[in-house]
1. Would you mind computing, in nm to one decimal, how far apart the modelled labels at Leu127 and Ile80 are, each placed 7 Å from Cα along Cα→Cβ?
2. For the chain, what relative contact order do you get, as a whole percent, if you take Cα pairs closer than 8 Å and at least 6 residues apart?
3. Which is the longest run of the chain containing none of the trypsin sites (Lys or Arg not before Pro) found in DSSP loop states (not H, G, I, E, B) with at most 15 other C-beta atoms within 10 Å?
4. Remind me, relative contact order of segment 1-46 in percent, using alpha carbon pairs under 8 angstrom and six or more residues apart?
5. Starting from segment 74-109, pick out the chymotrypsin sites (Phe, Trp or Tyr not before Pro) whose DSSP state is loop and whose Cβ has at most 14 other Cβ atoms within 10 Å.
6. Distance between the C-alpha centers of segment 1-31 and segment 86-128? Whole Å please.
7. Would you work out what percent of the accessible area of segment 17-97, with all protein chains in place, is carbon or sulfur (probe 1.4 Å)?
8. Using θ = phi - 60° and the Karplus form 6.51 cos²θ - 1.76 cosθ + 1.60, what ³J(HN,Hα) does each residue of segment 36-42 get, whole Hz, x for Gly and Pro?
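The values are calculated or read from the model by the stated rules, or taken from the named source; none is laboratory data. If you're wondering where the values come from, they're calculated on a predicted model, not measured in any experiment. Heads up, the Cβs are rebuilt from the backbone with ideal geometry, glycines too, and the neighbour counts pull from every protein chain shown. Ligands, DNA and RNA are excluded from the accessible area calculation, which covers all protein heavy atoms including side chains. Shrake-Rupley method; radii C 1.70, N 1.55, O 1.52, S 1.80 Å.
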Amino acid sequence: MNRSDNDRNILLKSQQGELDAVLMYQALAEVVKDTKDADTFRKLAAEEGHHAAVFHGLTNENLKPKKTLATLMPILYKIIGKKRLYPLIAKGEYAAAENYAPVVEKFPVIESVRKDETRHGDTVAGLL
């Protein structure tokens, strides 16, 4: 399959984002006060791992998750609280869905990931 450098960059950036989100959701699950939120974040972490695997199948690159969000988000949770943090997380999920739109046509397998990201945004927003 012919992949432009731009497509490849989008796929790699997407794969990295999904890997980073796994750690972020796992870290949040450890610090949030509400057990329902923690359970939801563990489920989302597992789904983000599946998404990373989908992108890995397209890139064949082994990337390492970056811990930046996993470190930052629990701190933000403690400082600004869930009422201000969760909408930011939801916004990130919606942005991911938008970022995947340009490559969905060439790589139809991404469509289910794109739909999941929108659902993830709705899910996190729904925790408020």
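1. Taking the two extended label points, one gets 1.5 nm.
2. For the chain, the relative contact order is 28 percent.
3. With a cap of 15 other Cβ atoms within 10 Å, the longest stretch comes to 68-105.
4. 33
5. Answer by residue number: there is no such site.
6. 12
7. Exposed carbon and sulfur together represent 60 percent of the surface.
8. 5, 4, 4, 4, 4, 5, 5
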